[in-house]
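Remarks on the structure that follows.
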Amino acid sequence: MQIAQYLSERGFAVLRYDKRGIGANITIDQNVWGNSTINDLIHDAEKALNILTLQPEVDPKRISIIAHSQGTIIAPRLAIDNSMKVKNIILMGLVSDVQDLLYLQRVSLPSEYASQVLDKNHTGLISIQQIAKDPVLRGLLVPVSVLLTFIRTNNTEVISNALVNTFANNTIGAGYIDIDKQLKPLLIKRYENLTSFNLSKCNMVEACPEYYRSLFSLIPTLSIIGNVSKSTGILMLNGENDSLTPVQQAFLLQQRLAEVNHPDHTLITYPNLGHQFYPSSQWETQNGPIEQYVLADIYSWLETHSGFTRFPTSMPSSYSSSSNSTTK
């Protein structure tokens, strides 16, 4: 809504829509959500694009698509299939390869976090109580039903009991576990269970097996991004502290666009910002409004790429090169 309001106040016609199965105040229709696939979401986005082209105030050949996170899987595909309509795409919090990203999210980063942050004495051990109090790890290690109980009651004891059961009393000393021998193997097992589509049921935290199956059947965005028309401008934005779509994913996409000599692509990275483009640590996403300078960057780039305004006599230094990578 922030982006839509910011751009519409400055003269752009904007269409935004709720994702399939999600309504006002993030209410979720479990039946619709539970049976959605990535292909459904791609088709929904294409329908939205077609509706936008029919609006009398919209030039159907000068449309820009702004996508965030999961949307960055969808937008390049829309641009490829609708190159006569889509003039620009803006990708925020980029996904280059889903399987690599999931391993980063579920195994590599949590293990690194446990070693670098929780293991203050560098013993290779962390306690059950540390995990129970830690928002980064507990969400990966306890059942969703326990998390929901904790959210309602704020009682960490339910988390602790679930973790004791998870590790089947296989702790070291007074309730400690070994990061390399116990924590990481468990994270790998959970990742393998997810990627083999063995989830027992759908819920509001995890997507469903059918969704992951459809997602993994897609060719990675990294492999198709080079097929975006050279006449389509591409702006990529990523927080350097993004723990959900780490900035390395954006660098891979930028490198691929450079390899195919795409003439108009720009990457801007933002120190200290997380997945929501709000100040965050490198380990955990903080929720809050998008920083105003990020919105200003989106508008500035769109204005010079929209075809509705004159290009300035001198481009800002951030955009002096079509394959530029800028840190702000």
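Observations on the structure shown:
- Here the calculated FRET efficiency for residue 181 and residue 133, from their Cβ-Cβ distance with R0 = 25 Å, stands at 0.65, rounded to the nearest 0.05.
- Distance (nanometres) between label positions extended 7 Å along Cα→Cβ at residue 193 and residue 24: 3.8
- Rounded to the nearest 0.05, the FRET efficiency derived from the C-beta distance between residue 224 and residue 117 at R0 = 41 Å is 0.70.
- 3J(HN,Hα) from dihedral phi, region 29-46, Karplus parametrisation 6.51/-1.76/1.60, rounded to Hz, x for glycine, proline: 8, 4, 5, 5, 4, x, 9, 7, 10, 5, 5, 4, 5, 5, 5, 4, 5, 5
- Within region 222-241: backbone nitrogen closer than 20 Å to the residue 286 label point (7 Å, Cα to C-beta): 238-241
FYI, it's all coordinate maths here, none of it is from the lab. Just so you know, these numbers come straight off a predicted model, no measurement behind them. When we count neighbours, we look across all protein chains shown, and the Cβ atoms used for this are built from the backbone with ideal geometry, even at glycine.
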